[in-house]
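The values are calculated or read from the model by the stated rules, or taken from the named source; none is laboratory data. None of the values given here were measured: they were computed from a predicted structure. Every residue, glycine among them, receives a Cβ derived from its backbone with ideal geometry; neighbour counts consider all protein chains shown. Only protein heavy atoms, including side chains, enter the accessible area calculation; ligands, DNA and RNA are left aside. Shrake-Rupley method; radii C 1.70, N 1.55, O 1.52, S 1.80 Å.
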Number of protein chains: 2
Amino acid sequence: MSDTRRDSGGSEDGQQLGPPGPSAAVPALDPEQLQVLRHLGREWERVSRDPEVWRRALPVDPDLGSFPERHEIRPAPVVRLVRVTGLGGTEHEAEAAEAADLPPTRLGRAAHRVRRALLGAPLRNTALVRERMRKLIALPVLSADVLSSVAYAPEAMLTVLIVAGAAGLAYTVPISAAIVFLMLAVAVSYRQTIRAYPHGGGSYIVAGENLGRLPGLVAAAGLMTDYILTVAVSVAAGVAAITSAVPALVPATVPLGLGVIAVLLAGNLRGIRQAGILFAAPTYAFIAAMFALVITGLVQALSGSSPAAPPAPHAQAAQGVGVLLVMRAFASGATAMTGMEAISNAVPAFRRVEWRNARTTLTCMAVLLITLFAGLIALIELTGTVPGGTHQTVLSQLARLSFGTGWMYVFVQAATAAILLLAANTAFNDFPRVLSLMARDNHAPRIFLRLGDRLAFSNGIILLSVVAAVIFAAFGGVTTALIPLYAVGVFLAFTLSQSGMVVHWWRLRGPHWRKSLAFNATGATLSALVLLTAAIAKFTEGAWVAVFIVGLLVLMSLRVRHHYTTVDAALRLRPHAIELPRHAICSPGTGGVEGPGEAGDGRTEEENEETPSEIHHLSVVPIETVDLASMRALAYAASLQQPVLALHLSPSEEEAERFRGYWTQWGDHLPLEVVVSPYRAIVAPLVNYVEALHLQRPDLTVTVILPEVVTRRWWHGLLHDRLAARLRRALRHLPKIVITTVPFHV
Amino acid sequence: MSDTRRDSGGSEDGQQLGPPGPSAAVPALDPEQLQVLRHLGREWERVSRDPEVWRRALPVDPDLGSFPERHEIRPAPVVRLVRVTGLGGTEHEAEAAEAADLPPTRLGRAAHRVRRALLGAPLRNTALVRERMRKLIALPVLSADVLSSVAYAPEAMLTVLIVAGAAGLAYTVPISAAIVFLMLAVAVSYRQTIRAYPHGGGSYIVAGENLGRLPGLVAAAGLMTDYILTVAVSVAAGVAAITSAVPALVPATVPLGLGVIAVLLAGNLRGIRQAGILFAAPTYAFIAAMFALVITGLVQALSGSSPAAPPAPHAQAAQGVGVLLVMRAFASGATAMTGMEAISNAVPAFRRVEWRNARTTLTCMAVLLITLFAGLIALIELTGTVPGGTHQTVLSQLARLSFGTGWMYVFVQAATAAILLLAANTAFNDFPRVLSLMARDNHAPRIFLRLGDRLAFSNGIILLSVVAAVIFAAFGGVTTALIPLYAVGVFLAFTLSQSGMVVHWWRLRGPHWRKSLAFNATGATLSALVLLTAAIAKFTEGAWVAVFIVGLLVLMSLRVRHHYTTVDAALRLRPHAIELPRHAICSPGTGGVEGPGEAGDGRTEEENEETPSEIHHLSVVPIETVDLASMRALAYAASLQQPVLALHLSPSEEEAERFRGYWTQWGDHLPLEVVVSPYRAIVAPLVNYVEALHLQRPDLTVTVILPEVVTRRWWHGLLHDRLAARLRRALRHLPKIVITTVPFHV
């Protein structure tokens, strides 16, 4: 698995947190390629003009920094012209960037203005700073995801158990105890990961480095599924917190949620970073609210002053307690752990000594999580609260019991909604990052590597929003309906990450390796058990969707990588591309087909012209009618001083005669060939003709010069037959065909 | 309105029935343009090479008829090559056409095979024959539309009246009498049209020639709305005839109807023509069935042997009889007349003497229509049948009363379904024809002029199917819900057509003009009354949809024509395009911007190079990275022997330095400019740079040569950033920019 290691080696230089540098997108040439490049240069030298001749021939000054000032320029009508002096400088930067981004169409400009208002001005690459977090900030920022899940996990568990009535509810405490134990084990397990991967040990990295590429991809797929569902579930639970307080909003659940996702999308495209206090506040507020709730509730319950819980509406048993039911409840409750991996991903963001601070924070987080979870379960148990049909979350019911409907109740609900929003936002940071790591390893389309002009991975953010919104809407924004999908991805990533750590310790065998290995092995085993539980018990309830998505993502990753490998190999400067420099075999005019068939190394003779002298031209100008656009294309073709052939396709012989007549009247300046197409097709006969030309003289590079009428508005294009576009599409698959469009603007 | 006459002059040469010839799509040059062409030729002669030089320089034999035989050619791998010898000949035609049509991608080829299986092999232009019809064939073919409407019109009328209970039903006979009178008047009116327009007098032609362009367009819009609704209503009524007999099919109404539309679509794309006996049979069967039904029913009713009609389920009055109700019932019943214009459109299809035969046929049709309509109304009145909630059409109820459920009942239902299908098929012939007439006058997009390879106006047929299917589905396939939309379009076309005839007679004032004018004026007045009745009484029930569609179509037609006029004027060879032949003002290298601003006649200096010497080149090759694709693009650019500038966009200064290093290693053979784009944008800075080049030297034609990686499957394209396509889109709006893509196939 040595090349897996090389692929994911980028993690070593601490690029985990920030986006990969530009070199990741355009890798440097290796020595072999450089050698080929030099060799190629010598070929050019031998056959081409003196470079100085080219330079002197240049009719323009390419350095547009020395461009005349704007006020000296007589503005040409219609044309939009923009100074670019500032591009290299500093003071005009924002202005130049604005100008450089201005799209050419009116609609485009309007969209551009909306975009700027929403997203702000573009940011320079150098604006990327690596912020270091204090523990007091890191804790709330990184634990929002996991802590927020106590808002829905107990309820999800109860929703399963209540089907079996009181007998089912009796399992609440034992199952919760098992979950708490699991939390402990996973937390200890991740403490190991933090020390071993101080540069950030996401599941993709850890599983990929230790278990191989495929487990790494599976872990990444699990993580991505997890992030998508984090958005969907957190938004659903957040909206539920709001609608519990304002029941009138219940019918608007789906639009509300979609609105929240849209706000998250816009905010993240703008580039919301972990911005200190703003992001710390909701978490602390939520922790405070939960402690207040738990303590007040417990005191009330134990002192007997608690008001009676409303009678459970579904308390009659609909089915008996079975193993499957308990498994399902366990898997639902275990979603309280989603997000526990966050700190281990973000180790480099801590202040020095990073791993030590990260570990301390992880411990704090685990303690908080366990306390809140256990406290809430105790409160639920003591008050006898059950998920009701009253459009109220369990948390809202508990808060009402303890605080009535006063400002404390509102505070609890607001804090809950806020932390859930923050949790969803976490996924907006993590999903594009994982996707960009995968793209760097060629496992995802390269568009996910592209940084938007606000330095955010815009494409990944958009993808996440769209998929999460679709899933949210498809499940009607109901948290409990989404929960069965959730556990699979999370525990898949946990299991693979912990298993990777086991292999890691086994390979390393440093001091205390046995203890570390044991901790991680326990974590891995328990995670795997939850994974199996969730996948089996909830398969038909929705887990199959998650399994399907994971499988699909893995398959796509593999295909994507295969494609990139093929393309990169094809595009690489490689020795045999120049070791057989071909010279013209057919002299122009002989027209024989006994030309070069294949190069010596078995490649076909196509497209290995790397020096100008190897290219022999023929321009073909397809002309539909005699008008200014086609005259311009003919003039362009002729001005290149290479052989030109005009081609006219005619539906009938009479039409052809008429056209030949025009040609004669014009003066017959260029060779014309008229092809009669009795089937009225234009594209197919032309493609055919060009292919036949290629067959006749495979050494020629045929340039098809298409006149193209460009309309000012895109919908006007619908009124024209867009022949140029159709021909371009049809011709681009042919070998050694260059396509030139000579636009004529109307 | 002289140019309206010129526009629609195509009708004079009898092209009404067949499609317009190829010359319609590509109009001939007028003398002025020819003069400009010759002038232009002299310019070329003065400045360009000797034509013989060009011809000798041609490295290929352009006449591919003399192409070597296939077996002599060593087949190149990967490349698909097809013989084109047969294109001009006769015996290999079908084969060559097949080959010529073969699309290059695998998906395309599969689709192609499906298409051939469904639609058959392509047809030659010469396969267009103008079939002449005997009266016995013409009658059923041309009257299917109008006769079939008696299957739903009486029911539509009753459905309105029954709302007022028995008091409403009492109006059945008077309203029917009015409709019969209207039928008579319109028939007489159309008899005038037939004599006056022996080459075919569709509403578009008659209204356009006599009333002006706008009324013509309104008539055409009305007709098109009518045809769309004919399909929707006929299919709905046909499906109702089937579901009346087989009630189990009622829930499948919409899928059934969509299936029928799909069959009609496929059949018409294949090019179903009025194919004699096959199309005559359903009409005669329907006529026979109706006569049998009416006679049997009347005999039974009058002899008192009729079984009692089932009690009317809605017989209690839901509202009183008002003027609006009667108007609505009248408008609904008047839909029995839809399709009466068919014969007047098709006069040239009759045998000699065309107009006399057409008139006789029209008279027959009118007599049949009135007899069937009156007979059915009488039967309904006598049996007391009303539209029921039993999923049975009125016709089906009548047939059951008369024939029970035996084979005669099945025959009536089958014949009804068959003639309705035939009526829908009529619209598939007429709609694309009207659209093509409009396209010939530049009132509709030119794609509707294009004949498919089966000689059918494929695009119009597809448009009709889609729109009719959408409307059918939107109204749930319920005939009575569609009826309110129907009358407006039909009577709009009737009114304008008859009014046009009034003007025609007034202008002509031939023998008996007063009588003819009086007949047409009566027809026009009555049609206008029905139009107003329908539009007002049924506006809220659906007529607004029809009014909206008509308005939209008219507006679009005007915009389309305006656009074509603008474009044609811009593309026309025109004197001032060459009267000021421009010569290079800036000599290369001076780089001043004080170049030519505007030509003397106020046009900007752009894009009026009509001779090769006027074009001064600069090639710009944007290069992202050093690979084979970009080396090939550079080689191509250099081989053109015109000034070349390589352009690299770099996200950072270090990246730029690295690239300059590669360039030096290669040998620095071409001038390189590196633009640092700190905002990571690629397209915008490049567009900007090219614009700045244009500003610096407006006389240059800048060719942007883009390396483009072409993947074998289109979805692989999603994995690449498709920079070439994005740049092409961004650059095509700039003046004097030619875009060349050098493909590199992976």
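Other residues within the sphere of radius under 15 Å centred on the Cβ of residue A:367, judged by their own Cβ, net out at +3 (K and R +1, D and E -1). For segment A:128-563, with all protein chains in place and a probe radius of 1.4 Å, 72% of the accessible heavy-atom surface sits on carbon or sulfur.
A Cα-only calculation for segment A:671-746 places Rg and Dmax at 13.8, 41 Å.
Computed FRET efficiency, Cβ-Cβ of residue A:32 and residue A:548, R0 41 Å: what is it to the nearest 0.05? Intermediate values should be presented prior to the final figure.
Values: r = 42 Å, r/R0 = 1.03.
After rounding to 0.05, the efficiency reads 0.45.
Sequence-ordered 3J(HN,Hα) estimates for segment A:189-200 from the Karplus curve with 6.51, -1.76 and 1.60 and θ = phi - 60° stand at 4, 6, 4, 5, 4, 4, 5, 6, 10, x, 8, x Hz, glycine and proline given as x.
May I ask you to give the average projected area over all directions of the convex hull of the Cα atoms of segment A:330-483, in nm² rounded to one decimal? Provide the component values of the computation, followed by the final result.
Values: hull surface 49.7 nm².
Over all viewing directions, segment A:330-483 projects a mean Cα-hull area of 12.4 nm².
With a cut-off of 15 Å between beta carbons, the residues surrounding residue B:330 carry a summed charge of 0, where Lys and Arg count +1 and Asp and Glu -1. For segment A:608-641 versus segment B:360-438, the spacing of their alpha-carbon centroids is 63 Å.
Taking label positions 7 Å along the Cα-Cβ direction at both residue A:478 and residue A:625, the computed distance is 6.1 nm, reported to one decimal. In this structure, the amide hydrogen of residue B:573, modeled 1.01 Å from its nitrogen in the peptide plane, lies closer than 5 angstrom to those of A:628, counting only residues at least 5 positions away or on a different chain. Residues of segment A:656-674 that bury at least 40 Å² of accessible area once all protein chains are present, compared with their chain alone (1.4 Å probe, heavy atoms only, ligands and nucleic acids left out), are A:658, A:662, A:665, A:666, A:669, A:671, A:673. FRET efficiency for the residue B:323 to residue B:381 pair, using the beta carbon distance and R₀ = 30 Å, is estimated at 0.85. Accessible area per residue for segment B:129-563 is 36 Å², calculated with a 1.4 Å probe on protein heavy atoms, without ligands, DNA or RNA.
Averaging over every viewing direction, what projected area does the convex hull of the Cα atoms of segment A:484-539 cover, in nm²?
3.4
Modelled this way, with points 7 Å down the Cα-to-C-beta line, the labels at residue A:574 and residue B:725 are 2.6 nm from one another. Over all other residues within a Cβ to Cβ distance under 14 Å of residue A:222, the charged ones net out to -3, with Lys and Arg as +1 and Asp and Glu as -1.
Counting Cβ atoms of other protein chains within 10 Å of each residue's Cβ and taking the mean over peptide B:622-628 gives 6.
Karplus-based coupling profile of segment A:341-356, in residue order and whole Hz: 7, 4, 5, 5, 6, 10, 3, x, 7, 7, 6, 5, 7, 4, 5, 5, with θ = phi - 60° in 6.51 cos²θ - 1.76 cosθ + 1.60 and x standing for Gly or Pro.
The amide H of residue A:745, built 1.01 Å from its N in the peptide plane, has A:710 as neighbours under 5 Å, considering only residues 5 or more places off or on other chains.
The A-B contact accounts for roughly 14900 square angstrom of buried accessible surface, both chains included, probe 1.4 angstrom. For residue A:555 and residue A:195, a Förster radius of 35 Å and the Cβ-Cβ distance give a FRET efficiency of 0.50, rounded to the nearest 0.05.
Measuring with a 1.4 angstrom probe and ignoring ligands and nucleic acids, residue A:400 comes out at about 70 Å² accessible. Here segment A:612-745 is described by how far its Cα atoms reach on the three principal axes: 41, 34, 31 Å, from widest to narrowest. Every Cα-Cα pair in segment A:128-563 was counted, and those over 37 Å apart are 19% of them.
Amide H to amide H, with H built 1.01 Å from N, residue B:703 comes under 5 Å of B:618, B:619, B:620, B:738, counting only residues 5 or more places away or on other chains.
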